[in-house]
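Notes to accompany the following structure.
The values are calculated or read from the model by the stated rules, or taken from the named source; none is laboratory data. Computed from a prediction, not measured in an experiment: that's the story for all the values here. Don't worry about glycine lacking a Cβ; one is built from the backbone with ideal geometry, like all the others, and counts go over all protein chains shown. Just so you know, the surface numbers come from the protein's heavy atoms only, side chains and all, with ligands and any DNA or RNA stripped out. Shrake-Rupley method; radii C 1.70, N 1.55, O 1.52, S 1.80 Å.
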Amino acid sequence: SNSGLRSLYKKGRGTFEIYKDRVITAIQSLRGQFIRWPDAGERTAIAQRIKKNYKFQNCLGFVDGTIFPFANQPSTHDSSDYHGRKSGYGLSSLIMCDDQRLIRYYVSGWPASAHDNRIFRNSDLFQQPFSYFSPSQYVLGDSAFQNMWFMVSAYKKPNRSQLSADNERFNKLLSKARVL
């Protein structure tokens, strides 16, 4: 919390706010150097590497959600939203990386209770896919994600049933590629 950090660093509210804003501005100014969507040539190269190594043709990378945990419960009226099903309180983020583990896209700031697919549906990747993908290109995700022409997700196991052998093989191949 701001008050906790102010106490830790022995700084006043105004000074701490200035320092915090400077750090955030500095980090955000570097974003384009380290996190950027690949251009058409890079997308072709990524797709070729993924096809060679994992057998997925025209795949650009892998998407998954993650939760960045908080040390404490937020002291806000909506703190219960930040309580996730996997851990305590935190922020959910959606991260897309390529086969070389470079982060190519992310969305952050959702409460930990937000489902990965909900974050995905509200992302620019979902809402403006032609700005990111050529018609045959896609990313891979786990079974939390809705299948779309630009998102290929794992098969979900049906209730009280088993996956077919073909679907099981597909999920195994997908997991080998996805879990870097």
remark   = Of every hundred units of 1.4 Å-probe accessible area on the range 23-96, the number belonging to carbon and sulfur atoms, as a percent, is 54 percent
ask   = In nm, what is the difference between 0.36 nm times the number of residues separating T15 and Q28 and their Cα-Cα distance?
value = 2.7 nm
task = Compare F126, F170, F145 in a GNM of the chain, Cα atoms joined below 10 Å, and give the one with the largest fluctuation.
result = F170
task = Using only alpha carbon pairs under 8 Å that are at least six residues apart, calculate the relative contact order of the range 1-127 and give it in whole percent.
result = 19 percent
ask   = Tell me, what is the FRET efficiency for D39 and S108 to the nearest 0.05, using R0 = 30 angstrom and their Cβ-Cβ distance as r?
value = 0.80
inquiry  = Per DSSP helix of 4 or more residues, -39500 (n - 2.57); summed, then divided by the residues of the chain. What does that give at 222 nm, rounded to the nearest 500?
reply    = -11000 deg cm²/dmol
ask   = Could you give the length gained on full extension between H115 and S7, defined as 0.36 nm per residue of separation minus the Cα-Cα distance, in nm?
value = 35.4 nm
message = Take the residue pairs K52/K172; K52/K176; K10/K86; K52/K156; K86/K156; K55/K172 and return only those whose Cα atoms are more than 24 Å apart.
response = K10/K86; K52/K156
query = Could you give the radius of gyration (one decimal) and Dmax (whole number) of the Cα atoms in the chain, in Å?
reply = 19.5, 63
query = Between H83 and Q128, what is the spin-label point distance in nm, taking each point 7 Å from the Cα along the Cα→C-beta axis?
reply = 3.7 nm
